[in-house]
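*Asks:* Okay, here's the structure, questions in a sec.
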Amino acid sequence: MKILFLTDNFPPEVNAAASRVYERAVYWAKWGHDVTVITCAPNFPQGKVYPGYKNKWWQTEEMNGIKVIRVKTFIAKNQGFLLRTLDFVSYMIMAVINGAFLQKPDVVISTSPQFFTAVGGYLLSIIKRRPFVFEIGDLWPESIRAVGALRNEKLYRTIVRLELYLYKKAKLIIAQTSAFKQNLVKRGITEDKIQVVMNGVDTTIYRPQEKCQAKLSHFQLNEDDFVVAYVGTHGMAHDLHTVLKSAEINISNKKIKYIFVGEGAAKQSLVDYKKKHTLTNVDFYNAVPKTEMPAVWSVCDAILIPLKNDQTFSTVVPSKLFEAMAMAKVIILMAPEGEASKILCQHQCGIWIESENPNNLSDVILNLYNSSDEMKLYAENALNSSILYTRENQSAQVIHALESIADVMPSCNKVKE
């Protein structure tokens, strides 16, 4: 099957969308499918093109059997609504122009949360006269409204109408959570064309390992430190100031260390807060290449997954939840009750608490620090449950869904039980 995939984010970027698209596409290519990805020069989230790349009109490369086409776009930081929208729209336009000259695919797929990617995918599906598939990684524009980035009610309603139009025009919708599917069905989208395929983890990359000595040194940690970590985008959707306030409460315990690894719109304000309150138990580090992520996870004891206290975020399941499970790490989830808390509680692989409560978080961290038996139990449960969420199984689920709408012979890839 010939698959044309539109995504604004792709490796070497390391955010959830980039990892999800790439890791699934690797399996598709391995299974003999012809996969072409249209993306842009890697720049997320700092808005600076990564070393080794240029923001050119057209550049191609091959990554593990995937043909990657990078197009020129307006580049902006992951901060502010107007400039980011210009970034998104420029990608949409360039993806359509360049995609129009490619060989006709069997299906055209676009992934959110970059919503204008879906517009580009739909337009290409019309040009190529092929089915349009919309993968939902986030309920956009609800999610950006929830963090206060979209306050213009008229503009919001206009985008929602376009969103619903694309859902209706899609031949197939791949939703990452059941909550996403329920949301769409309530809004009038045909249930039969919505396939739920959970997010997950590549267990060939993320698996238990000894603490990486090089990373311990880099993060200025001792072997016996109790490391509480947030690894990922420092965005407006994440309740990271609560984490700093909990660190302030626990500052007298010299063995508990907090590390933040990544970039994002909220990072500078977090760094400023640390300096203002002299948080000697907190350190910030730049994002690392994806190949180094398992080594980073290896030095962590408790993994923080914080989300703002807004019902919009009750529908999401962050990909780092599954990565932490596969690495046998204890998870502290701060989020509204919903999809993520259901998974965490079902598998008993960590602790779920409410968002925006630093006292509660500091207590949880202290209790875990003082309970090695509880830590061991959560870690074992996490690892044992991670096999339910492998990228290989999910890749097969998506391929079977695509084959059901494309005029191709079914492949022999089986979803493992």
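*Asks:* Against the conditions (1) under 26 Å from A328 (Cβ atoms); (2) under 21 Å from the mean Cα position of the chain (by Cα); (3) open to solvent by 20 Å² or more (accessible area, probe 1.4 Å), where does F260 fall short? Just the number, please.
*Replies:* So the condition that F260 fails would be (3).
Quick grid of which residues meet (1) under 24 Å from the mean Cα position of the chain (by Cα); (2) of a type in the set (G, A, S); (3) part of a loop (DSSP other than H, G, I, E, B):
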residue: S90; (1), (2), (3): yes, yes, no
residue: M94; (1), (2), (3): yes, no, no
residue: L102; (1), (2), (3): no, no, yes
residue: P105; (1), (2), (3): no, no, yes
residue: I109; (1), (2), (3): yes, no, no
residue: T117; (1), (2), (3): yes, no, no
residue: G120; (1), (2), (3): yes, yes, no
residue: S125; (1), (2), (3): no, yes, no
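*Asks:* Let me ask something additional. Pick from Y378, Y369: which is open to solvent by less than 90 Å² (accessible area, probe 1.4 Å), modelled with pLDDT of 95 or more and over 19 Å from L321 (Cβ atoms)?
*Replies:* From the options Y378, Y369, the qualifying one is Y369.
*Asks:* Return the residue satisfying two criteria in turn: it lies in the range 69-122 and is touching a strand residue (DSSP E or B) at 6+ places or on another chain (Cβ under 8 Å) and aromatic (F, W, Y), and of such residues it is most open to solvent (accessible area, probe 1.4 Å).
*Replies:* Y122
*Asks:* Ok, one more. Taking T158 as the residue in question, decide whether it is open to solvent by less than 30 Å² (accessible area, probe 1.4 Å), at pLDDT below 90, out of contact with any Phe, Trp or Tyr (no Cβ under 8 Å at 6 or more places or on another chain) and β-branched (V, I, T). Let's see the steps before the verdict.
*Replies:* On the way: open to solvent by less than 30 Å² (accessible area, probe 1.4 Å): no; at pLDDT below 90: yes; out of contact with any Phe, Trp or Tyr (no Cβ under 8 Å at 6 or more places or on another chain): yes; β-branched (V, I, T): yes.
Considered against the rule, which asks whether it is open to solvent by less than 30 Å² (accessible area, probe 1.4 Å), at pLDDT below 90, out of contact with any Phe, Trp or Tyr (no Cβ under 8 Å at 6 or more places or on another chain) and β-branched (V, I, T), T158 comes out as no.
*Asks:* Going by the conditions given, is A295 in contact with a helix residue (DSSP H, G or I) (Cβ under 7 Å, 6 or more places away or on another chain) and surrounded by fewer than 18 Cβ atoms within 10 Å (Cβ to Cβ)?
*Replies:* On the way: in contact with a helix residue (DSSP H, G or I) (Cβ under 7 Å, 6 or more places away or on another chain): yes; surrounded by fewer than 18 Cβ atoms within 10 Å (Cβ to Cβ): yes.
Yes.
*Asks:* Within the range 290-320, which residues are among the aromatic types (F, W, Y) and farther than 21 Å from K181 by Cα? Outline the logic, then answer.
*Replies:* If we filter the range 290-320 for residues that are among the aromatic types (F, W, Y), which is where we start, we get 297, 313.
Selection gives W297 alone.
*Asks:* Among the residues of the range 1-54 satisfying the criterion of being touching a Phe, Trp or Tyr at 6+ places or on another chain (Cβ under 9 Å), among the hydroxyl-bearing types (S, T, Y) and open to solvent by 10 Å² or more (accessible area, probe 1.4 Å), which is nearest to V317 (Cα to Cα)?
*Replies:* Going through the qualifying residues, I end up with Y22.
*Asks:* Scan the range 161-184 for residues that are surrounded by fewer than 19 Cβ atoms within 10 Å (Cβ to Cβ), charged (D, E, K, R) and part of a helix (DSSP H, G or I) and jot them down.
*Replies:* R161, K168, K169
*Asks:* Here is a check on your reading of the model: is N413 open to solvent by 10 Å² or more (accessible area, probe 1.4 Å) and either part of a helix (DSSP H, G or I) or modelled with pLDDT of 95 or more (or both)? Walk me through it before giving the result.
*Replies:* On the way: open to solvent by 10 Å² or more (accessible area, probe 1.4 Å): yes; either part of a helix (DSSP H, G or I) or modelled with pLDDT of 95 or more (or both): no.
Here the answer is no, as N413 does not meet what is asked.
*Asks:* Would the range 14-26 turn up any residue that is in a loop (DSSP other than H, G, I, E, B), under 21 Å from N286 (Cβ atoms) and out of contact with any Cys (no Cβ under 7 Å at 6 or more places or on another chain)?
*Replies:* Within the range 14-26, one or more residues are in a loop (DSSP other than H, G, I, E, B), under 21 Å from N286 (Cβ atoms) and out of contact with any Cys (no Cβ under 7 Å at 6 or more places or on another chain).
*Asks:* Answer with yes or no whether L279 is more than 20 Å from the chain's Cα centre (by Cα), open to solvent by less than 10 Å² (accessible area, probe 1.4 Å) and closer than 18 Å to L221 by Cα.
*Replies:* Details: more than 20 Å from the chain's Cα centre (by Cα): yes; open to solvent by less than 10 Å² (accessible area, probe 1.4 Å): yes; closer than 18 Å to L221 by Cα: yes.
In short, yes.
*Asks:* Quick one: V71 ticks every box in (1) at positive phi; (2) modelled with pLDDT of 90 or more bar one, so which box is it?
*Replies:* Result: V71 passes all but (1).
*Asks:* Which of the residues belonging to the range 228-241 are surrounded by fewer than 21 Cβ atoms within 10 Å (Cβ to Cβ) and either charged (D, E, K, R) or outside any loop (DSSP other than H, G, I, E, B) (or both)?
*Replies:* Of everything in the range 228-241, just one residue is surrounded by fewer than 21 Cβ atoms within 10 Å (Cβ to Cβ) and either charged (D, E, K, R) or outside any loop (DSSP other than H, G, I, E, B) (or both), namely H241.
*Asks:* Checking W352 against (1) touching a residue at least 24 places away in the same chain (Cβ under 8 Å); (2) closer than 30 Å to S252 by Cβ; (3) open to solvent by 20 Å² or more (accessible area, probe 1.4 Å); (4) under 21 Å from the mean Cα position of the chain (by Cα), which test does it fail?
*Replies:* Every condition holds for W352 apart from (1).
*Asks:* Still on this structure, please answer the following. Limited to the range 206-227, what total is found for residues that are more than 16 Å from the chain's Cα centre (by Cα) and in a loop (DSSP other than H, G, I, E, B)?
*Replies:* Taking the range 206-227 and keeping what is more than 16 Å from the chain's Cα centre (by Cα), we get 207-227.
Filter once more, keeping what is in a loop (DSSP other than H, G, I, E, B): 207-212, 219-225.
So the count comes out to 13.
*Asks:* Filter the range 40-73 for residues that are part of a loop (DSSP other than H, G, I, E, B) and β-branched (V, I, T); which is farthest from T233 (Cα to Cα)? Explain how you work it out, then say what you get.
*Replies:* Residues of the range 40-73 part of a loop (DSSP other than H, G, I, E, B): 41-57, 64-65, 72-73.
Next, from what is left, pick out any that are β-branched (V, I, T): 49, 73.
Numbers: V49: 17, T73: 21 Å.
Within the range 40-73, the match that is farthest from T233 (Cα to Cα) is T73.
The values are calculated or read from the model by the stated rules, or taken from the named source; none is laboratory data. The structure presented is a predicted model; accordingly, all values stated were derived computationally and were not measured. Heads up, the Cβs are rebuilt from the backbone with ideal geometry, glycines too, and the neighbour counts pull from every protein chain shown. We work out accessible area using only protein heavy atoms, side chains counted, and drop any ligands, DNA or RNA first. Shrake-Rupley method; radii C 1.70, N 1.55, O 1.52, S 1.80 Å.
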